[in-house]
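The values are calculated or read from the model by the stated rules, or taken from the named source; none is laboratory data. Fair warning: this is a prediction, and the values are worked out from it, not measured in the lab. Please note: Cβ atoms are built from the backbone with ideal geometry, for glycine as well, and neighbour counts cover all protein chains shown.
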Amino acid sequence: MVNNEVAELLSENLDIIFELFKNMNSPYEGFRMRDLHILTYIDGNHDNHKVTITELAYHLKVTPAAASQLVSGYEKKNWLIRTRSKADRRTVYIELTPELREAVKARKVAIINKVMEGCDQFTDQELSNYAKVARLMNQNLKNN
């Protein structure tokens, strides 16, 4: 019974967070989930916050030509920029524009602040227990 309640609450939390993210005022509002997935992959999965078209294509399971077309659309929206490698001029990296990176960061902070509202109602022990559960859930999600 408790597992069902937790699953229902998680589902509700995800729905609320997706709506919150989608509806927040920003010059970049209106992201589709696919956009968020792609932009998060580009910015968050690499130390230098850059990927090549080939890496993106492999991640998305599409051809490099299809990935390049997708990137061109994002460039037109001023979400991504292409830069050539200094070591190998044939290699082109894609990365988020500084404006988009800041807008996404600001949205994330706003969402975290919204989620944290009311946490002062809980004891340190309750918050510590929640942190333990959240860490385990994050690990499980990353391993899938």
>> Just to be sure I understand the filter: pairs with C-beta atoms under 8 Å, separated by 6 or more residues or on different chains, first member in the range 105-124 and under 25 Å from LEU36 (Cβ atoms) and in contact (Cβ under 8 Å) with a residue 24 or more places away in the chain, second member surrounded by 12 or more Cβ atoms within 10 Å (Cβ to Cβ) and among the basic types (Lys, Arg). Which pairs pass?
In response: none
>> Among the residues that make up the range 92-107, is at least one of them closer than 28 Å to VAL6 by Cα and either modelled with pLDDT under 85 or among the aliphatic types (A, V, I, L, M) (or both)?
In response: yes
>> As an exercise: evaluate GLU12 against (1) modelled with pLDDT under 80; (2) under 29 Å from ASN140 (Cβ atoms) and give the number of the one condition it does not meet.
In response: (1)
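Just to check your reading of the model, which residue among GLU75, GLU102 is in contact with a strand residue (DSSP E or B) (Cβ under 8 Å, 6 or more places away or on another chain), of a type outside the set (A, V, I, L, M), free of Cβ contacts under 8 Å to residues at least 12 places away in the same chain and not in a strand (DSSP E or B)?
None of the others qualify; the one that does is GLU75.
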> So which of ARG84, ARG135 ends up being at pLDDT 85 or above and under 27 Å from THR54 (Cβ atoms)?
Replying inline: ARG84
